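Colleague: Can you read through this structure? Questions will come right after.
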Amino acid sequence: MGKSKTTKFKRPQFNAEGLPVNAVKDEDEDENYGESCPAAELLEKLQSPSADVREFACASISRVVQQSHTIPGFLQRDAVRRLGPMLLDSSVAVRETATGALRNLSACGGQEVCEDMVKHDVMTPLTVLLRECCSGFEISVVPMEDKRNPVEHVANEAVNLLWNLCESNTQAVSIFNKAGLLDVVVQCLEKYPHNVELAISAAHCLHTVTEDNPELLCSINTTVLGALENVLLSSQESMAHTLLRALTAGILWNIKSSLPAAHQAQILNTVVATLSQCLDIDAGAIIPRLRQAEEDRYLNTGAGVENETSKDFPVDEMGEEGEEPNPKINGNSKAVNIDYDVSDLLPRVREELREATALLTAQQTSLEIIVNMCCSDDPSDDEWEESSSSDESELGPDSLCDGVSSLMSPLCLSAEVHGALIMHCIPQKVIKKTEFPSPEAIKICHPNPAWKCLIKRLERVQTRALTCLHSILSTMDVESLGGVTALQEAALHLSSLVFGESEIPNDAEFLEAVTSALRSLLQTIASKNIPQCMTPQQLLSLSEAASRCDVVSVRVNAVAILGITGSILAREKDTAETIQLIGNALLQIASKDTDLVVNGEALDALFDVFADGDEAEMAAKNIQLLPALKALQPVFKAKIRKEGRGKYAPQQLCVLDNVKTNLRRFISYLEKVVKK
């Protein structure tokens with residue numbers, strides 16, 4: 001029902017996806033957990049005069065709450081109120097484990113628990129803790145390179161807790177703004193040269209709080225911009241630093257309206273260049289090399305890979321074989337004496353796996369940022385014009401911004417985005433990322449439980465790339481996309497993704513992404529009368545597969561693809577038979593799909609296909625389109641009356657009402673055609 005719209009990526013809200021299998025609450029589980037739940041005993045130990053006992057209690061709580069059915073037992077015993085003061089305990093070790101416990105509670109408990117934490121004023125001791133950590137950065141001395149810096153580890157836990165709360169609760173974001181926590185988190189970001197884990201946690205937090213937060217923009221000053229500049233221009237080659245630079249690029253995009261006007265063009269160009277460099281990395285080649293490096297290291301040290309896997313990942317933290325650890329959970333449990341990287345729940349002894357995970361996260365993040373660039377909903381974006389033509393040659397190569405004395409009035413960033421994306425060949429690089437994950441990488445990852453979780457990440461990068469391609473196709477003209485030849489090659493590529501296997505993939509996330517990209521591509525091709533490489537039979541089989549998908553947007557895309565194809569065929573000769581197939585498919589969907597939006601999209605597609613042309617006229621007669629629509633009309637109207645008000649949004653109802661009106665008009669049109 002109209003041109004497909006690109007969707008802006010929002011920071012993900014909490015849900016059970018990605019949590020260990022036993023961290024997901026089973027509704028059928030016995031709710032009488034009171035006697036077996038260790039909450040009472042552990043919370044009582046928080047009052048112990050012994051720091052070791054308090055630390056043990058906090059570490060135990062941190063582990064137990066990863067089994068989410070235990071969380072109500074802790075909440076009923078005021079765990080949040082009792083753990084809050086522990087953030088400022090006299091023992092640094094207790095501070096760290098207490099913050100880790102609250103971090104896990106916030107991640108596994110979800111939005112309601114986060115709201116409860118904010119309600120019980122966890123933000124106050126957390127703010128004090130973060131400020132004390134930052135004050136202690138300079139005086140905290142680490143004698144050896146491989147020793148833990150206790151202050152920075154506490155800060156890492158605290159920043160992750162802050163990230164969880166701000167991502168799930170708007171009141172937490174408001175407190176973040178008012179408490180001036182931006183400068184504190186930026187100080188953590190500045191630790192990137194020697195503590196990239198802390199810097200990445202800070203970058204994740206900043207990426208969250210800077211999104212759609214105009215109140216925070218007035219706090220953006222030269223210190224903040226200078227810190228972001230330093231990270232963006234850093235030269236460390238590790239995949240962790242690649243992720244850090246990608247997140248920093250996203251932060252700069254979020255605060256674009258606070259960037260200095262005279263330097264904005266160069267900053268934007270550097271942001272896009274950073275994303276481009278991230279996408280240049282071939283994960284399919286890097287992952288096998290990292291896996292081999294891990295095996296070689298284990299052989300040299302005499303440790304078996306499989307033994308390390310079972311030792312490093314306790315069952316309750318890994319979840320089922322191949323499941324991803326939850327990056328919001330702290331696995332740094334001293335109770336079992338294992339040293340975890342809390343940013344991804346991957347232990348430091350698995351440096352290569354952490355690097356592979358960071359690379360895939362960086363590429364996913366980069367693609368999401370590009371999607372947001374292509375569909376920015378900032379009302380000021382269309383007004384950014386006057387100040388964007390500054391001479392970039394006047395700027396020094398090592399400085400992105402010298403000051404913010406003249407904060408930009410909104411200028412036309414959309415034009416700047418367009419130019420930067422084209423300059424850095426982003427469309428071509430995105431298309432490359434839409435390819436299926438490297439078979440070699442899949443083969444390498446599959447046998448090992450720890451590495452198997454990367455397969456899902458590889459697939460997610462592909463689906464994000466398809467979504468990104470959809471956005472690019474929806475917002476760029478043919479010339480910017482490389483011309484007719486490039487579009488035809490893109491069509492061949494998408495065709496190979498969908499039809500290259502013996503069966504059309506049935507993964508819902510993949511289908512949603514690929515049908516969105518295909519829909520945008522076909523719309524562009526149709527508008528320019530460019531020959532398409534996919535046969536109507538292929539498109540019908542795709543639509544048939546999509547029609548069985550539970551995701552409404554996939555079915556809507558499939559219907560739109562049929563409509564676009566049918567309207568193209570209606571302008572050609574000897575196509576009546578194929579148009580009949582499309583017409584019958586659309587009638588079936590319009591009458592039998594359970595969702596009104598899909599019904600309306602199918603009717604809208606029928607209007608387009610049979611609007612004009614001798615071939616369409618012949619096909620309409622053969623499939624008895626007029627009587628079929630007459631029979632469908634009262635059913636559709638009744639369905640809108642019965643289901644519409646309670647189930648669909650006002651905007652959807654408005655569109656459906658328009659379809660209902662157009663259906664009446666289209667029936668009148670067909671009646672005139674029949675009388676001719």
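The values are calculated or read from the model by the stated rules, or taken from the named source; none is laboratory data. In this text the structure is predicted, and so the values were computed from the model without any measurement. Neighbour counts are summed over all protein chains in view; Cβ atoms, including those assigned to glycine, are modelled from backbone coordinates with ideal geometry. Please note that ligands, DNA and RNA were not included when accessible areas were found on the heavy atoms of the full protein model with its side chains. Shrake-Rupley method; radii C 1.70, N 1.55, O 1.52, S 1.80 Å.
Colleague: Based on the Kirkwood radius over alpha-carbon pairs, what is the Stokes-Einstein translational diffusion coefficient of the stretch 229-304 at 37 °C with 0.692 mPa s viscosity, in µm²/s?
Modeller: Answer from the Stokes-Einstein relation: 226 µm²/s.
Colleague: Counting C-alpha atoms alone, how compact is the stretch 418-504: give Rg to one decimal and Dmax as a whole number, in angstrom.
Modeller: Cα only, the stretch 418-504: 15.1, 46 Å (Rg, Dmax).
Colleague: As a quick test, which of the pairs Lys256/Lys429; Lys432/Lys452; Lys178/Lys647; Lys432/Lys456; Lys621/Lys660 have an alpha carbon distance above 29 angstrom in this structure?
Modeller: Too far apart for the 29 Å limit: Lys178/Lys647.
Colleague: Can you give the Kirkwood hydrodynamic radius for the stretch 491-553, in Å, rounded to one decimal and based on Cα pairs? Show your work: numbers first, answer last.
Modeller: Numbers: mean 1/r = 0.0826 Å⁻¹.
Hydrodynamic radius (Kirkwood, Cα pairs) of the stretch 491-553 is 12.1 Å.
Colleague: Right, next: Using the Kirkwood radius over Cα pairs, work out the Stokes-Einstein diffusion coefficient for the stretch 528-607 at 25 °C and 0.890 mPa s, in µm²/s as a whole number.
Modeller: Value of D from the Cα-based Kirkwood radius: 195 µm²/s.
Colleague: Could I ask something else about it? Taking a 1.4 Å probe, which of Val128, Val609 shows the most accessible area, and what order do the others take after it?
Modeller: Val128, Val609
Colleague: Using a 1.4 Å probe on the protein chains only, how many percent of the accessible area of the stretch 71-227 belongs to carbon and sulfur? Provide the component values of the computation, followed by the final result.
Modeller: Working: 2950 of 5750 Å².
Here carbon and sulfur together make up 51 percent of the probe-accessible area.
Colleague: Also, quick follow-up: When Lys and Arg each count +1 and Asp and Glu each count -1, what net charge do the other residues less than 14 Å away from Lys433, Cβ to Cβ, add up to?
Modeller: 0
Colleague: Continuing with this model, one more query. Please state the shape class of the stretch 88-212: rounded when a/c is under 1.5, otherwise prolate if a/b exceeds b/c and oblate if not, all from the C-alpha gyration tensor. List each step's numbers first, then the result.
Modeller: On the way: a/c = 1.83, a/b = 1.46, b/c = 1.25.
In terms of gyration-tensor shape, prolate.
Colleague: While we're on this one: At 1.4 Å probe size, what's the solvent-accessible area of Arg460? Round to the nearest 10 Å².
Modeller: Taking all protein chains as shown, Arg460 has close to 40 Å².
Colleague: Note down the accessible area of Glu190, probe 1.4 Å, to the nearest 10 Å².
Modeller: 90 Å²
Colleague: Can you run phi through the Karplus equation (6.51, -1.76, 1.60; θ = phi - 60°) for the stretch 548-563 and list ³J(HN,Hα) in whole Hz, with x for Gly and Pro?
Modeller: The phi angles translate into 8, 7, 6, 7, 4, 5, 5, 5, 4, 4, 4, 5, 4, 4, 4, x Hz.
Colleague: Further question on the same structure: So how much accessible area does Lys647 have, in Å² to the nearest 10, using a 1.4 Å probe?
Modeller: 120 Å²
Colleague: Could you work out the pair-distance distribution P(r) of the stretch 573-676 from its alpha-carbon pairs, with 5 angstrom bin width and percents rounded to whole numbers?
Modeller: 2, 13, 26, 23, 17, 10, 6, 3, 1, 0
Colleague: What shape does the stretch 136-289 take by its C-alpha gyration tensor, where a ≥ b ≥ c are the square roots of the eigenvalues and a/c under 1.5 counts as rounded, a/b above b/c as prolate, and the rest as oblate?
Modeller: Numbers: a/c = 1.57, a/b = 1.03, b/c = 1.53.
Taking the square roots of the gyration eigenvalues as a ≥ b ≥ c, the stretch 136-289 is oblate.
Colleague: In debye, nearest 20, what is the charge dipole magnitude of the stretch 464-609 about its Cα centre with +1 on Lys and Arg Cβ and -1 on Asp and Glu Cβ, if you could check?
Modeller: Dipole magnitude for the stretch 464-609 comes out near 200 debye.
Colleague: Ok, one more. Could you sort Lys119, Lys592 by their accessible area in this structure, using a 1.4 Å probe and putting the largest first?
Modeller: Highest to lowest solvent-accessible surface, that is Lys119, Lys592.
Colleague: In whole percent, and with a 1.4 Å probe on the protein chains, what portion of the accessible area of the stretch 439-519 is carbon and sulfur?
Modeller: Within the stretch 439-519, the accessible surface is 50 percent carbon and sulfur.
Colleague: Rounded, prolate or oblate for the stretch 494-628? Axes are the square roots of the Cα gyration tensor eigenvalues, ordered a ≥ b ≥ c, and the cut-off for rounded is a/c under 1.5. Could the numbers behind the result be given before it?
Modeller: Working: a/c = 1.84, a/b = 1.27, b/c = 1.45.
Verdict is oblate for the stretch 494-628.
Colleague: Just need the relative contact order of the stretch 540-580 here, percent rounded to a whole number, with Cα pairs under 8 Å and 6+ apart.
Modeller: Once normalised by length, the contact order is 28 percent.
Colleague: What nm value, rounded to one decimal, do you get for the distance between Glu572 and Tyr298 when each label is placed 7 Å out toward the C-beta?
Modeller: In this crude spin-label approximation the distance works out to 5.4 nm.
Colleague: So for His207, His446, what's the accessible-area order with a 1.4 Å probe, most first?
Modeller: Ranking His207, His446 by accessible area, largest first, yields His446, His207.
Colleague: Based on C-alpha coordinates, I'd like the Rg and Dmax of the stretch 151-222, in Å.
Modeller: Both quantities, over Cα of the stretch 151-222: 11.5, 33 Å.
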